[in-house]
Structure formats: structure tokens, C-alpha cells
Amino acid sequence: MDSGWLLVIIFGLIAILAAVGTVQTLKNKEVLGFLFNFGTFAIFGAFAVATAITQGFPAPI
């Protein structure tokens, strides 16, 4: 497996967990937790998408 796709998987998992945390903090009305979770979701989600785009989809042979 190419190391770029491993990064996509790791960034994607972090983004998914941050999205779950964002929903939980919205339910508990925690503003600071929401800001950090949403920021993590936005940044790591963008990294996952950008890495997938630069590595090509599907990956070149």
C-alpha cells in the first residue's frame, strides 16, 4: 500500500472521530469542545481530501 493512501485512511479516521465528537459536544452544549472538534474535523478532513486528490483516485500504477 502506498504511504499516501495510508495517510488518507488515518486522516479520514481522525476526521470521522472528530465529527462524532462535534455532535456529542453540540448535544452537551459545550462551546469550547465544539470549536476544537469542529476545527479538527475541518482540518483533517481537508487534509484527507487533498491527499486523495494529489495521490490520484484510483492510485496510478
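FYI, it's all coordinate maths here, none of it is from the lab. These figures come from a predicted structure and were not determined experimentally.
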Return one number: the angle in degrees, 0 to 90 and rounded to the nearest 10, between the long axis of the Cα atoms of helix 3-28 and the longest principal axis of the Cα atoms of the chain. 10 degrees
Using the Karplus equation 6.51 cos²θ - 1.76 cosθ + 1.60 (θ = phi - 60°), what ³J(HN,Hα) coupling, rounded to whole Hz, does each residue of the range 32-39 give in order, writing x for Gly and Pro? 5, x, 4, 4, 5, 5, 5, x
